[in-house]
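First comes the structure, then the notes that go with it.
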Amino acid sequence: MAVKELAFDTDARKALLAGVEKLAAAVKSTLGPRGRNAVLDKSWGGPTVTKDGVTVAEEIELRDKVENMGAQLVKEAASKTSDDAGDGTTTATVLAEAIFRAGLKHIAAGVDANALVRGIRKSVEGVVAHIESMATPVKDKVAAVATISANNDTAIGKIMAEAFDKVGKDGVITVEEGKGLETYVDVVEGMQFDRGYLSPNFVNDAEKMMVVLEKPLILVYEDKIDSVSKLVPLLEKVVETKKPLLVIAEDVTGEALSTLVINKLRGVLQVCAVKAPGYGDRRKAMLRDIAVLTGGEAIMKDVGIELDKVTLAQLGTAKKVEISGDNTVVIEGAGSTKSIQERIAQIRAEIDLTDSDYDREKLQERLAKLAGGVAQINVG
């Protein structure tokens, strides 16, 4: 069993404060537009240069165990701020140090710790309310804010502002290595997921090797489709409408896939089949997102509806769907605004409840696809 180091009363408080001050000293030097960069040593590769508070904080481990506990307390506050707001980690560190130091002075003077905590919480409520009343929307100053965050690099600030302007506050901004010398913003229009056509025989734009379906009907089906007998009744109904068909399912194989390909090649039906995105419970959620966006119904396994019983009313639709070998983009789904907003509210609630950074990231991606969009910054 590992030996535990014990510290009590004044000795413990002094050591904790020392840890808090050491971490804060490293982090607060990066604060504000005139903040200085920190250089972080890495166990692999070259050093990292940054003025992001939480990045600096995460690299700090102190030799003294009690001091390190103090540093970890402030590090946790900075990380929580980053998760909730996406910024403000350095300010959170400065405030945490100030509150901790002032609190220890009152405790040393004999103030009850529990009463002190209640007072701090009550004061925080008043301060937050006052700050919110002073808040000014920065809709027209996004470039300035982004420039400050980018170490006063105006070029990066303008690119970030362009991306934010295109996808809005609910959108997602990703950064990828570009193939050219210039840095530019590429916006994905509509809902995109990383699944392409199941057969190149579905392609109707040979030049781009893509499938483009105008105002298609969209089947959202959770299970695998391999039975021709169950697929044919639905195909007959769709053919009568003279509209294209997009099939999104766990998989389409064997005779079912062959039937779709033959109908396409013979000119009977413009059709394409793609695998459903995601896995497990996330797949179910994404299928429901697609159904809400397109105004259709997600035919799930637990509902008990057989494929041959699916009606045209249960199919969704969109202005256009573009499918490549790797991706599918649904543009201007026909779902009702009310249903989409309700789905968005549900996803936001899930984001607030989750403790997993990975789950939060995936939920935010789903939110962006429904509410805003995805802007990709290609760095040259």
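The values are calculated or read from the model by the stated rules, or taken from the named source; none is laboratory data. Because the structure is predicted, anything quoted here is derived from the model rather than measured. Please note: Cβ atoms are built from the backbone with ideal geometry, for glycine as well, and neighbour counts cover all protein chains shown.
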Q: Of the conditions (1) surrounded by 18 or more Cβ atoms within 10 Å (Cβ to Cβ); (2) more than 9 Å from the chain's Cα centre (by Cα), residue 367 clears all except one; give me its number.
A: (2)
Q | Residue identified as within 17 Å of residue 273 (Cα to Cα) and of a type outside the set (Lys, Arg) among 295, 304, 333, 316 | A | 316
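For the condition at negative phi and in contact with a Lys or Arg (Cβ under 7 Å, 6 or more places away or on another chain), what is the one hit in 305, 344, 299, 331?
Result of the check over 305, 344, 299, 331: 331.
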Q. Which members of the stretch 144-188 meet the condition of being modelled with pLDDT of 80 or more and among the hydrophobic types (A, V, I, L, M, F, W, C)?
A. 155, 156, 159, 160, 161, 163, 185
**Q.** Restricting the stretch 2-25 to residues that are free of Cβ contacts under 8 Å to residues at least 12 places away in the same chain and loosely packed, with under 10 Cβ neighbours inside 10 Å, the residue that is nearest to residue 106 (Cα to Cα)
**A.** 9
Q) Does at least one position in the stretch 2-24 carry a residue that is within 22 Å of residue 148 (Cβ to Cβ), touching a helix residue (DSSP H, G or I) at 6+ places or on another chain (Cβ under 8 Å) and either in the same structural domain as residue 109 (by TED's automatic domain parsing) or not acidic (Asp, Glu) (or both)? A) yes
Q) How about the stretch 332-380: which of its residues are closer than 30 Å to residue 208 by Cβ, at pLDDT 85 or above and not in a helix (DSSP H, G or I)? A) 333, 334, 335
